[in-house]
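K.L.:
Quick one: structure below, then a few questions.
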Amino acid sequence: MKKYKGIILIVDDEKFLTDSLGRSLKKLNYFVHGFNNGQAAIYAIRNQGINYDLALVDLSFPTEPDGVEITECSKNINPETPVLGISAGDVQFMHTDGFIKKEPDMIKSIEKAFKKYVLKKRRKIK
């Protein structure tokens, strides 16, 4: 069985972005669940029993449930999972643990965030 660095949830209405981030992160040995539908993302968070190591949520998700509702659901179900807002603009939401701007080198930012939020937490547990 393959050993992954971690499990990452990506929720963004742009299918191209979700797919390309998913492929890139999988190549870096992450297990990725990507959703372009807020309802499907909330269903997965509530019902699949997966403890995501990191969640990336589009803060300007245009449909219901929106990025704020998805973030709050994730925080309510698993408060230990860091949630980072992602957006093309400089939007920030106070309930996220951080923010990553949508740009070509997002993968580097995601890896830095994974090290900052997830690996640091794992070291504390040991």
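K.L.:
³J(HN,Hα) across the range 12-29 via Karplus (A = 6.51, B = -1.76, C = 1.60, θ = phi - 60°), whole Hz, x for Gly/Pro?
P.N.:
8, 6, 8, 4, 4, 5, 4, 5, 5, 4, x, 4, 5, 5, 5, 4, 8, 6
K.L.:
Could you work out the equivalent-ellipsoid semi-axes for the chain, taking the square root of 5 times each eigenvalue of the Cα gyration tensor, largest first, in whole Å?
P.N.:
On the way: eigenvalues 78, 55, 45 Å².
Ellipsoid half-lengths, sorted descending, are 20, 17, 15 Å.
K.L.:
Subtract the Cα-Cα distance of K15 and N29 from 0.36 nm times their separation in residues, and report this length gain in nm to one decimal.
P.N.:
On the way: separation 14, 0.36 × 14 = 5.04 nm, distance 2.08 nm.
Working it through step by step, the gained length comes to 3.0 nm.
K.L.:
If the reach is capped at under 18 angstrom between alpha carbons, list the lysines near K115, excluding any in the same chain fewer than eight residues apart.
P.N.:
K3, K5, K26, K27, K101, K124, K126
K.L.:
Something else now. Can you list residues whose amide H is under 5 Å from I10's amide H, if they're 5+ apart or on another chain and H is modeled 1.01 Å from N?
P.N.:
Result for I10 returns H33, G34, F35, L56.
Taken together, the values in this text are just the output of simple stated rules run on the coordinates, not laboratory data. Owing to the predicted nature of the structure, the values given are computational and were not obtained by experimental measurement.
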